[in-house]
Amino acid sequence: MISRFFCPVPLPRAGEIQLPEALAHHAVRVLRLRDGDPLILFDGGGGEVPAVLHVRGKQCFAALEEHCAVECESPLPLVLVQALASGDKMDWIVQKAVELGVSALVPVQAERSVLRLAGERAAKRVEHWQQVAVSACEQSGRNRVPAVAPITGLRDFLARPHDGVRLVLDPTATKRLLDAERPAGAVQLLIGPEGGWSDEELAACRSAGCRGVTLGPRVLRTETAGIAAIAALQATWGDF
């Protein structure tokens, strides 16, 4: 398999470019690519560009070939609204959600979230999750990188206008996820933290127009619930 790399600057349609230092380090020092090896670059604007690696001393260049207008995005615009989870669970959630095709991710601070982040720590963690999303795109063949939004409170998120459908996973709901009507627009999927949503948060979700849905009789962990729901929605309304 040819290695794929996200280039943080717009790619020209032809010619040769010098690779950014971090990208070059990953290609040569981590993946052990050599002069003359093929690679694929994408800049997030759609499509990808096959290229050939050229190593000249400590600098690396890519000779660009013809742009390929290939797209791997799902026809279902799906935003994962994930309550903060502890440990490395958020990394896993971001990685798998991007692989499954979400168009964006919004981390929210819930009442029962074990992880608490604010200020500089929050900004650095979001930056880290964004890089996890980049790596997931490189691995999965996606050419558009989903944005990871800044951490926000649940009620602040619910106050934002939304033209599509909001689904909140609620183990007490009577309607199954796949019994919901096919949405006309984007879907925002809300997943609670390790301890679940509080009664007050669920009430706030309902007041904001969220539809409570369940995945069935089993209560799933926060790192499992969102991924399972995304896969189900992609199989029903997306491109699985």
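A few comments on the model shown:
- When residues in the stretch 58-82 are screened for being assigned to a strand (DSSP E or B) and either hydrophobic (A, V, I, L, M, F, W, C) or over 15 Å from the mean Cα position of the chain (by Cα) (or both), 11 of them pass.
- Checking the stretch 93-111 against the condition returns no match, with no residue being farther than 30 Å from G185 by Cα and in contact (Cβ under 8 Å) with a residue 24 or more places away in the chain.
- The stretch 35-45, subset open to solvent by 10 Å² or more (accessible area, probe 1.4 Å) and touching a Phe, Trp or Tyr at 6+ places or on another chain (Cβ under 8 Å), residue farthest from G15 (Cα to Cα): G44
- Residue within the stretch 59-73 that is within 30 Å of D156 (Cβ to Cβ) and surrounded by 12 or more Cβ atoms within 10 Å (Cβ to Cβ) present: yes
- A85 falls short on exactly one of the conditions (1) in a loop (DSSP other than H, G, I, E, B); (2) more than 17 Å from Q130 (Cα to Cα); (3) open to solvent by less than 10 Å² (accessible area, probe 1.4 Å), and that condition is (2).
- Test for P50: is it part of a loop (DSSP other than H, G, I, E, B) and more than 16 Å from the chain's Cα centre (by Cα): no
- Test: residue in the stretch 92-104 that is closer than 28 Å to D156 by Cα and polar (S, T, N, Q): yes
- For E48, the stated conditions hold: it is among the acidic types (D, E), in contact with a Phe, Trp or Tyr (Cβ under 7 Å, 6 or more places away or on another chain) and within 30 Å of A229 (Cβ to Cβ).
The values are calculated or read from the model by the stated rules, or taken from the named source; none is laboratory data. Not measured: the values here are computed from a predicted model. With ideal geometry, Cβ positions are generated from the backbone for all residues, glycine too; neighbour counts draw on all protein chains shown. Areas reflect the complete protein model, heavy atoms only, side chains present, ligands, DNA and RNA absent. Shrake-Rupley method; radii C 1.70, N 1.55, O 1.52, S 1.80 Å.
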